Amino acid sequence: MTEDVRRRETFDEYADAFTVTITPFGANLSFSVREAHPSSNKPPQIQHLGTLRMSVEHLKTMVVILRRQILQVENDTGVKADVPLAILNQLQISAEDWGSFWKLP
């Protein structure tokens, strides 16, 4: 591990936007936060918080672990973290794909 990596401080941030870039050689996840009270006459301002880089294998492993933990919390609490259909449509995710992914195995 290089000295530069060890000197970085840990962070604790809230993000409400993200960008993912995946290539055969790795994945980049960039996180941002939008301004709290955007003006109606201009696009919302977005602050870039940082980027996490990892292998595609690491990302796939994280996705499986996150899904498993989210399903467990929803099952234990009886509270579902549903995403509105309008948001799924904006992201071009069909309701069928969404339901299939979040169905208990």
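The values are calculated or read from the model by the stated rules, or taken from the named source; none is laboratory data. Because the structure is a prediction, the values reported are computed rather than measured. Neighbour counts are summed over all protein chains in view; Cβ atoms, including those assigned to glycine, are modelled from backbone coordinates with ideal geometry. Each accessible area value is taken on the protein alone, full model and side chains, heavy atoms only, with ligands, DNA and RNA left out. Shrake-Rupley method; radii C 1.70, N 1.55, O 1.52, S 1.80 Å.
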| task | Give the calculated FRET efficiency between Thr77 and Phe101 to the nearest 0.05, with a Förster radius of 25 Å applied to their Cβ-Cβ distance. | result | 0.80
| message | Suppose all protein chains stay in the model; what accessible area per residue would a 1.4 Å probe give for the chain, in Å²? | response | 88
| the chain - mean residue ellipticity at 222 nm from DSSP helices (-39,500 (n - 2.57) per run, n ≥ 4, rounded to 500) | -11500 deg cm²/dmol
| Relative to the present Cα-Cα distance, how much length would full extension add between Met54 and Ile22 at 0.36 nm per residue of separation? | 10.6 nm
